[in-house]
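I have placed the structure first, in the form of structure tokens, so that the comments after it can refer back to it.
The values are calculated or read from the model by the stated rules, or taken from the named source; none is laboratory data. What you are looking at is a predicted structure, and each value in this text was computed from that prediction instead of being measured. Positions of Cβ are backbone-derived with ideal geometry, glycine not excepted, and every protein chain shown enters the neighbour counts.
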There are 2 protein chains.
Amino acid sequence: MPLSPADDAFADALAATLAPDTLRRAEPRYLEEPRGRWAGAAGWVARPRNTDEVAGIVSACARGGVGIVPYGGGTGLVGGQVCGADQPASLILSLERMTAIRAIYPQENVLIAEAGAILADVQAAAAGQNRLFPLSLASEGSARIGGLLATNAGGVNVLRYGNARDQVLGLEAVMADGTVWHGLSRLRKDNTGYDLRHLLVGSEGTLGIITAASLKLSPRPTATGTALLTVTGPEAALSFLALARDHLGEAVSAFELMHRTGFDFLAETLPEVRQPWAEPPNWVVLIEVGLSGGADPQAGLEALFAAAHAAGLVSDGLIAQSEQQARDFWALRERIPEANRRIGAVSSHDISVPLGAIPDFIATCGPALARIGTFRINCFGHVGDGNLHYNVFPIPGETRGDHDDKRAAIKACVHDHVHALGGSVSAEHGIGRLKVDDLERYGDPVKLAAMRAIKNALDPNGILNPGAVLRRL
Amino acid sequence: MPLSPADDAFADALAATLAPDTLRRAEPRYLEEPRGRWAGAAGWVARPRNTDEVAGIVSACARGGVGIVPYGGGTGLVGGQVCGADQPASLILSLERMTAIRAIYPQENVLIAEAGAILADVQAAAAGQNRLFPLSLASEGSARIGGLLATNAGGVNVLRYGNARDQVLGLEAVMADGTVWHGLSRLRKDNTGYDLRHLLVGSEGTLGIITAASLKLSPRPTATGTALLTVTGPEAALSFLALARDHLGEAVSAFELMHRTGFDFLAETLPEVRQPWAEPPNWVVLIEVGLSGGADPQAGLEALFAAAHAAGLVSDGLIAQSEQQARDFWALRERIPEANRRIGAVSSHDISVPLGAIPDFIATCGPALARIGTFRINCFGHVGDGNLHYNVFPIPGETRGDHDDKRAAIKACVHDHVHALGGSVSAEHGIGRLKVDDLERYGDPVKLAAMRAIKNALDPNGILNPGAVLRRL
């Protein structure tokens, strides 16, 4: 059944049932996405204050057959939060007013946050109780919990703590018919039926709207160490990772690989970012360890460096001697995406491959792309998780616009390489609206059939985030 | 639509399509369950050798409208593996011949095992590569991976490493229509659509039949320490756990609470189990820590004991001085279930509550039960996860049979207390056929509706493990 538009008549009728100022015309910020690749159609945004209001809005949309686009911090990179003009206008449902941290149980390592809570605020609330909420990523100052869970966000601490889904004990969510699932469990173990929590996490708002989450906190490591090490290449980086985990177990919290291209881009576009070398190395690993039980991370990193150097894996290295220096090392990694945006990528890829396939991927994909054109490749990312951001840029003097005609071929080349190695064409950003075609092309057909059956079962009229993840037939 | 029975005519027709000896009449062992509470109806068992054969058998059952009961190691405690006589006979599908460890990738911390692989064999294969497969429980010598994942098994290491589902990177599974989902991912990050993996894990064979799994391995701690500590009560045990995690972070691998009743039962039924005290204490904690990075667990436990003693949380303690002593400490915990069986419980409960609610639960449930009758209560378990085995026994001189008339009231009393505290009436054993009523009584109605919709979507004819988890309508 085709959807009805969230037009003025619908909005007027809905507004009459809601508190004043809940519904209004969507300002441009609701219609944009961070990379500025496309714009949403003008329409209405609802900003409920509590779960009952969300349920009321969803019920009204269910009765009217009107689509809903759930909206968190708006930081998603695959257009899951932007309704395209090819669909009848959806109602944007922003969780921005539901920002409460409802409760915190330090002894239980549990925190209950509403969907609109900003990640940095949740981290701070946990830290205030000497606990760690380990989800951490570049947009943490504006990304909201609901969106982070709906997209199963990744970030820099996945190696040790897992993805966003691994931080969730329970959910409260509004289903497509407006009913509310009260699942804010504080339990570590609960085997009573299908895991609806993990089904909603990562479903990008297409199966239900998360309104609150019960989040798992972790102990805070008592001491942290950070080092920047020059490795001979991706293969050596992986051997070094294995060595680090043999030495330090799961204390290895982050393990990021960076190619020289990133440092060149930083020098070119953000010269204020301090680089601790005269000539950037070709491949650098940023490692962070967090230890407990009185162990000394400095000594651990020194012993690790000595062993890795003896094994020929690392040629040079800096162990941060202060918190400031650790922050400087991290700034190198964290400001690369900004440098990338200033250069302007022809095509960006958020991919993962099995760890052992990383060297093969890097060795073969670059030459294959060179057959399409002459580009600069910035390959960096969470190599400990097999997750690379593999972005293709014009050479100096050219712009991304010069290569518009090659973008599809570049993307297909990268994704075909990834797929052939058993990898994923969306490691941490999700499908959204950008990668619906990719999912159809590369996804397992039996999994896709199951996904369609589940979508149809839980949202038979297809009102939840229409066109995201699965094509609306 | 009612199911057709897996009768001789169906078996004859199916056998003609299969390799010889794949199908035979089910011996009694397929019709029993460990507690001997009920028996399955006689029938046929299929023992396929590979995934294609599983798919062929499921396709034949789909065409014939015949139910299938997937069968692993047969160690489940809620009857998920036993088809009752109230249904048309189902075909038992045993994965016992699919025991291969297909591959192991030590550098990636990945192991791929078929569903019939026995847990202890998977642990050993991981250890052979200096890796840890952390899932560990009493039945690990006979429980099989497929069943362990289908039931999202728990065990003693959940505190540090999570439940069975947290060890899974990907699955291969046969769906209700006989199609095969090829999802044996080795990826740590893959956000391409709904998480079918987590939906099948814990669905107890009602949504698909797991044929193989890609499992996550962990670094092996370089040094382990074990201690047995007398605590003043459950409240002190929880404060001690918080203190232990402040001291040692996630190095706390196991944290088990035991009540004196368990030691009395051991003395009564298994006197060969050495007990390190003249008079058993009322409450004892068994703690295990596994450290990396050169830290000394002995020293860590000593410092922890000193701090806990100063805080008045522990009154006495033994730190294992040898591996043998550590094994002796663990034997106390691991042989309690056997002692329980010898005593004979009137009613057993596998429950969890929020950590902070444990003292309240223990303080209130016992007196409530005393209003039903005079019993001995053995309360022990994975208190670090909020998971207690809370089992009710006759007093000396009486038998469980003397209290058959009180069993329902006891169970309702325990489960009502658990539910009122936000707990779960099945923490780690699952629903199976034993707890279908409990799920209907205590489950969130919106979650139940979603579960039924999902079951109907993925198994529209209801052939997969009929009557388990959800009532067949």
Return the pair list, or none, for Cβ contacts closer than 6 Å from residues in segment B:220-234 that are of a type outside the set (D, E, K, R) to residues that are assigned to a loop (DSSP other than H, G, I, E, B), at least 6 apart or on different chains. B:Pro221/B:Ser292; B:Thr222/B:Ser292; B:Thr226/B:Ala320; B:Thr230/B:Pro281
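Show me the strands (runs of 3 or more DSSP E) entirely contained within segment B:32-111 in which 2 or more residues are farther than 23 Å from B:Ala153 by Cβ and away from chain A (no Cβ under 14 Å).
On the way: elements: B:44-46, B:68-71, B:91-94, B:101-105.
Of the strands (runs of 3 or more DSSP E) lying wholly inside segment B:32-111, those with at least 2 residues that are farther than 23 Å from B:Ala153 by Cβ and away from chain A (no Cβ under 14 Å) span B:44-46.
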Going through segment B:268-298 one residue at a time, which ones are surrounded by 23 or more Cβ atoms within 10 Å (Cβ to Cβ), of a type in the set (Gly, Ala, Ser) and not in a strand (DSSP E or B)? B:Ser292, B:Gly293, B:Ala295
As an exercise: evaluate A:Leu473 against (1) of a type outside the set (Gly, Ala, Ser); (2) free of Cβ contacts under 8 Å to residues at least 24 places away in the same chain; (3) surrounded by fewer than 17 Cβ atoms within 10 Å (Cβ to Cβ); (4) more than 28 Å from A:Leu3 (Cα to Cα) and give the number of the one condition it does not meet. (4)
Is it the case that A:Ser253 is closer than 30 Å to A:Ala100 by Cα, out of contact with any helix residue (DSSP H, G or I) (no Cβ under 8 Å at 6 or more places or on another chain) and in contact (Cβ under 8 Å) with a residue 12 or more places away in the chain? no
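Filter segment B:148-159 down to the residues that are part of a helix (DSSP H, G or I) and more than 9 Å from chain A (Cβ to nearest Cβ), then identify the one that is farthest from B:Ala100 (Cα to Cα). Give the derivation first.
So in segment B:148-159, the residues part of a helix (DSSP H, G or I) come out as B:148-150, B:158-159.
Going one step further and asking which of them are more than 9 Å from chain A (Cβ to nearest Cβ), we end up with B:148-150.
On the way: B:Leu148: 16, B:Leu149: 16, B:Ala150: 18 Å.
Looking at the filtered set, the residue picked out is B:Ala150.
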Scan of segment B:358-372 for residues that are buried (at least 21 other Cβ atoms within 10 Å of the Cβ) and within 14 Å of chain A (Cβ to nearest Cβ), ordered by number: B:Ile358, B:Phe361
Has segment B:359-377 got at least one residue that is touching a helix residue (DSSP H, G or I) at 6+ places or on another chain (Cβ under 8 Å), closer than 23 Å to B:Arg37 by Cα and in a helix (DSSP H, G or I)? yes
Residue list for segment A:34-58, filter: surrounded by fewer than 16 Cβ atoms within 10 Å (Cβ to Cβ) and over 27 Å from the mean Cα position of the chain (by Cα): A:Asp52
Selection from segment A:212-266 of residues that are closer than 19 Å to A:Pro297 by Cα, among the basic types (Lys, Arg) and assigned to a helix (DSSP H, G or I): A:Arg245
Looking at segment A:447-467, which of its residues are on the phi < 0 side of the Ramachandran plot and assigned to a loop (DSSP other than H, G, I, E, B)? A:Asp459, A:Pro460, A:Asn461, A:Ile463, A:Pro466
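Filter segment B:307-319 for residues that are assigned to a helix (DSSP H, G or I) and away from chain A (no Cβ under 14 Å); which is farthest from the chain's Cα centre (by Cα)? First the steps, then the outcome.
Kept after step one, since they are assigned to a helix (DSSP H, G or I), are these residues of segment B:307-319: B:307-310.
Now drop any that are not away from chain A (no Cβ under 14 Å), which leaves B:308-310.
On the way: B:Ala308: 31, B:His309: 34, B:Ala310: 36 Å.
Going through the qualifying residues, I end up with B:Ala310.
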Select from segment A:210-245 the residues that are surrounded by fewer than 21 Cβ atoms within 10 Å (Cβ to Cβ) and among the aliphatic types (A, V, I, L, M) and write down the one among them that is nearest to the other protein chains (Cβ to nearest Cβ). A:Ala242
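Restricting attention to segment A:194-202, does a residue exist that is surrounded by fewer than 20 Cβ atoms within 10 Å (Cβ to Cβ) and closer than 30 Å to B:Arg452 by Cβ?
No, the conditions are met nowhere in segment A:194-202.
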Single match in A:Leu332, A:Leu304 (criterion: closer than 23 Å to A:Glu250 by Cα and either polar (S, T, N, Q) or not in a loop (DSSP other than H, G, I, E, B) (or both)): A:Leu304
Looking for whichever is assigned by TED's automatic domain parsing to the domain that holds B:Ser315 and at negative phi here; the options are B:Ala176, B:Ala213, B:Ala227, B:Ala164. Which one fits? B:Ala227
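Anything in segment B:425-446 that is at the interface with chain A (Cβ under 7 Å from one of its Cβ atoms) and either in a helix (DSSP H, G or I) or of a type in the set (Asp, Glu) (or both)? List them, or say none. Outline the logic, then answer.
Taking segment B:425-446 and keeping what is at the interface with chain A (Cβ under 7 Å from one of its Cβ atoms), we get B:425-431, B:439, B:443-444, B:446.
B:Glu428, B:Leu439, B:Asp444, B:Val446, listed by residue number.
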Can you list residue pairs whose Cβ atoms sit under 6 Å apart, with the first residue in segment A:104-126 being among the small types (Gly, Ala, Ser) and the second being part of a helix (DSSP H, G or I)? Count only pairs 6 or more apart in sequence or on different chains. A:Ala113/A:Val122; A:Ala113/A:Ile145; A:Ala115/A:Ile145; A:Ala115/A:Gly146; A:Ala117/A:Ile145
If you go through B:Gly64, B:Gly80, the only one that is outside the structural domain of B:Asn152 (by TED's automatic domain parsing) and either surrounded by fewer than 21 Cβ atoms within 10 Å (Cβ to Cβ) or out of contact with any helix residue (DSSP H, G or I) (no Cβ under 9 Å at 6 or more places or on another chain) (or both) is B:Gly64
Just to be sure, is B:Arg197 among the basic types (Lys, Arg), under 19 Å from the mean Cα position of the chain (by Cα) and facing chain A (nearest Cβ under 10 Å)? yes
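Could you tell me which of the residues B:Asp166, B:Asp190, B:Asp177 is at the interface with chain A (Cβ under 9 Å from one of its Cβ atoms) and surrounded by 24 or more Cβ atoms within 10 Å (Cβ to Cβ)?
B:Asp190
Test B:Ala150 against the criterion of being in contact with a Pro (Cβ under 9 Å, 6 or more places away or on another chain), at pLDDT 95 or above and of a type in the set (A, V, I, L, M, F, W, C), and give yes or no.
When the stated conditions are applied, B:Ala150 passes them.
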What do you reckon, is B:Leu207 more than 30 Å from A:Phe255 (Cβ to Cβ), more than 14 Å from chain A (Cβ to nearest Cβ) and either in contact (Cβ under 8 Å) with a residue 12 or more places away in the chain or touching a Gly at 6+ places or on another chain (Cβ under 6 Å) (or both)? no
Per the filter on segment B:320-355, residues touching a Lys or Arg at 6+ places or on another chain (Cβ under 8 Å) and within 14 Å of another protein chain (Cβ to nearest Cβ) are B:His349, B:Ser352, B:Pro354, B:Leu355
Residue list for segment B:12-30, filter: of a type outside the set (Asp, Glu) and surrounded by fewer than 20 Cβ atoms within 10 Å (Cβ to Cβ): B:Ala13, B:Ala15, B:Ala16, B:Thr17, B:Leu18, B:Ala19, B:Pro20, B:Thr22, B:Arg24, B:Arg25, B:Pro28, B:Arg29
Have a look at B:Gly397, B:Gly401 and point out the one that is away from chain A (no Cβ under 14 Å), free of Cβ contacts under 8 Å to residues at least 60 places away in the same chain and part of a helix (DSSP H, G or I). B:Gly401
List pairs: first residue in segment A:424-442 and more than 16 Å from A:Val82 (Cβ to Cβ), second residue among the acidic types (Asp, Glu) and outside any helix (DSSP H, G or I) anywhere in the structure, Cβ distance under 8 angstrom, at least six positions apart or on different chains. A:Ser424/B:Asp190; A:Ser426/A:Asp350; A:Ser426/B:Asp190; A:Ala427/A:Asp350; A:Ala427/B:Asp190; A:Glu428/A:Asp350
